[in-house]
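Single-structure report; data block below.
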Amino acid sequence: MPKFIRTSTLSLKYSNQNKLDELNSFIQEYKRVANLYLDYIWNNNIQISFPKKNKIVTYKFNNKNHLNLPMMLSNVEINKQINQ
């Protein structure tokens, strides 16, 4: 089955300043939270396993390994590791 990549394009050309400020605030908060997750994963040697093409692939994150990262990190899998 072929994969479909769905995208959409939004124009901010006619946005008012308040909407632009809110969008900027959202993006800054997203960056902050993403960095919190990444710092936690990096500093605590988190290991995450994902099913991929009928096998389990494991990624280990620490400052000694060359990082072979998956395309996406599942927050469900990360939270499982954090809550162990």
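General observations
- Modelled label positions at Ser11 and Glu29, each set 7 Å beyond Cα in the direction of Cβ, lie 2.8 nm from each other.
- Order by protection proxy (mean Cβ within 10 Å, highest first), peptides 19-28, 37-46: 37-46, 19-28
- Pairs spanning more than 26 Å between alpha-carbon atoms, out of Lys3/Lys52; Lys31/Lys80; Lys31/Lys53; Lys31/Lys55; Lys55/Lys80; Lys3/Lys55: Lys31/Lys53; Lys31/Lys55.
- Taking θ as phi - 60° and the Karplus parameters 6.51, -1.76 and 1.60, the scalar couplings of the stretch 23-40 work out to 5, 4, 4, 4, 5, 5, 5, 4, 4, 4, 5, 4, 5, 4, 4, 5, 4, 5 Hz in sequence order, x denoting glycine and proline.
- Taking amide H atoms as placed 1.01 Å from N in the peptide plane, the amide H of Ile46 lies under 5 Å from those of Phe61, each 5 or more residues away in sequence or on another chain.
Bear in mind that the values in this text are calculations on the coordinates, not laboratory data. Bear in mind the structure is a predicted one, so any value in this text is a computation, not a measurement. Neighbour counts run over all protein chains shown; Cβ positions are idealised from the backbone, glycine included.
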